[in-house]
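J.: Here it is, the structure, as structure tokens.
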Amino acid sequence: MKRRRRSLWTALAAVIFSAVHASPQSAVSQSASQPQDSLTYGPSRGSLVLQGGVGPSPAIKSAFVALAGGAPSRIVVIPTASVGDAGPPGMVTSLARRMKESLGVAEVTVLHSLDRATSDSDRFVEPLRSATGVWILGGFPERMVYSYLGTKTERAIHELLDRGGVVGGESAGAMVQASWLDATDDEFTPEIRGLIQTYGRGGFGFLTRAAVFPHFDKRGSAAAVKFSAEYPRQLGIGIDEEAGLIVKGDLAEVIGRGTVSIYDGRRTANPVVLRNGDRYDLAAGK
């Protein structure tokens, strides 16, 4: 599935530590063993917000802020999927100000790096130690993989979830929260494929045994159908551009307009289609 360049949410018009044995293997290492029979998908603590498009609706933003602790929230925004190199001049300051105003929270810090040594430093991850929420912007998911997979930044976000915080993301920022990415895409360099093979997953694995397919109403279901056929014991989650999915443990709830389609090859070849207000048990399949 080709990646399309995405602009920063409203501000820029021009986007671990996990149990590797519980994460699905990427397409670059398809021969690896299947997941265990005891199914758990979402984080044991904390919450995920998966947005299918770019620029969450007021309802999705409101849900994210509420899960982060309301107005006193301390939010870290990661625009790396959208931003190449250092980004435009003043990007960090401008984005932090605009996101703070948009979310209506006490504090917003922007973290961005395309250097793995920086991402793996204590100084870089310090804002994550006290954050109550993280929002990941859309763009190119391979940038997130290259910059953060297996670094202290990724581990610090897992720790935020362990504290009961929330991780949200739009488009590519939703994709990387799962554990599978299509590393056969020609935009994934050999170096990035090597990282995926090393860590046994393409995403950060906040949502294990799963792949997220954003822009589902625009891009169609072919990729999700193919994924479900090849990995029947893993979930394919297709999210329309105006829809969001909140995940707490194995319980998921749809918010916003549009639909969310759950592909579970263990049960049926047909997706379960969910709409605003619908709740679904990812493990039980009902």
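J.: Scanning the stretch 214-234 for residues that are part of a loop (DSSP other than H, G, I, E, B) and polar (S, T, N, Q), which turns out farthest from residue 180 (Cα to Cα)?
T.: 221
J.: May I ask you to list the residues in the stretch 131-162 that are modelled with pLDDT of 95 or more and among the aromatic types (Phe, Trp, Tyr)?
T.: 135, 148
J.: Being outside any loop (DSSP other than H, G, I, E, B) and either within 14 Å of the chain's Cα centre (by Cα) or closer than 23 Å to residue 252 by Cβ (or both) is true for just one of 63, 96. Which residue is that?
T.: 63
J.: Select from the stretch 246-270 the residues that are closer than 15 Å to residue 178 by Cα and among the basic types (Lys, Arg) and list them in ascending order.
T.: Of everything in the stretch 246-270, just one residue is closer than 15 Å to residue 178 by Cα and among the basic types (Lys, Arg), namely 248.
J.: Does residue 71 satisfy being under 29 Å from residue 252 (Cβ atoms), at pLDDT 90 or above and surrounded by 14 or more Cβ atoms within 10 Å (Cβ to Cβ)?
T.: no
J.: Within the stretch 78-86, does at least one residue satisfy the condition of being hydroxyl-bearing (Ser, Thr, Tyr), crowded, with 24+ Cβ neighbours inside 10 Å and touching a Leu at 6+ places or on another chain (Cβ under 8 Å)?
T.: yes
J.: OK, next. Quick one: which of 244, 277 is part of a loop (DSSP other than H, G, I, E, B), of a type outside the set (A, V, I, L, M, F, W, C) and either more than 15 Å from residue 51 (Cα to Cα) or in contact with a strand residue (DSSP E or B) (Cβ under 8 Å, 6 or more places away or on another chain) (or both)?
T.: Exactly one residue qualifies, and that residue is 277.
J.: Within the stretch 244-286, work out how many residues are among the aliphatic types (A, V, I, L, M), within 23 Å of residue 45 (Cα to Cα) and out of contact with any Leu (no Cβ under 6 Å at 6 or more places or on another chain).
T.: Residues in the stretch 244-286 being among the aliphatic types (A, V, I, L, M), within 23 Å of residue 45 (Cα to Cα) and out of contact with any Leu (no Cβ under 6 Å at 6 or more places or on another chain): 6 in total.
J.: Counting only residues that are part of a loop (DSSP other than H, G, I, E, B) and among the charged types (D, E, K, R), which one in the stretch 247-260 is farthest from the chain's Cα centre (by Cα)?
T.: For the stretch 247-260, the residue satisfying everything is 257.
J.: When the residues of the stretch 31-68 are narrowed to those that are closer than 19 Å to residue 173 by Cβ and of a type in the set (Val, Ile, Thr), which ends up modelled with the lowest pLDDT?
T.: Looking at residues that are closer than 19 Å to residue 173 by Cβ and of a type in the set (Val, Ile, Thr), I get 54.
J.: Okay, moving on. Sort out which residues of the stretch 109-127 are among the hydrophobic types (A, V, I, L, M, F, W, C) and in contact with a strand residue (DSSP E or B) (Cβ under 6 Å, 6 or more places away or on another chain), and write them in order of number.
T.: Across the stretch 109-127, the qualifying residues are 110, 111.
J.: Scan the stretch 249-261 for residues that are out of contact with any Pro (no Cβ under 6 Å at 6 or more places or on another chain) and either of a type in the set (Phe, Trp, Tyr) or closer than 22 Å to residue 227 by Cβ (or both) and jot them down.
T.: 250, 252, 254, 258, 259, 260
J.: Same structure, new question: Specify which of the listed residues (265, 244, 256, 236) is more than 19 Å from residue 135 (Cβ to Cβ), buried (at least 21 other Cβ atoms within 10 Å of the Cβ) and either in contact with a Gly (Cβ under 9 Å, 6 or more places away or on another chain) or modelled with pLDDT of 95 or more (or both).
T.: Sole residue among the options that is more than 19 Å from residue 135 (Cβ to Cβ), buried (at least 21 other Cβ atoms within 10 Å of the Cβ) and either in contact with a Gly (Cβ under 9 Å, 6 or more places away or on another chain) or modelled with pLDDT of 95 or more (or both): 236.
The values are calculated or read from the model by the stated rules, or taken from the named source; none is laboratory data. Given the structure is predicted, the values throughout are model-derived calculations rather than measurements. Heads up, the Cβs are rebuilt from the backbone with ideal geometry, glycines too, and the neighbour counts pull from every protein chain shown.
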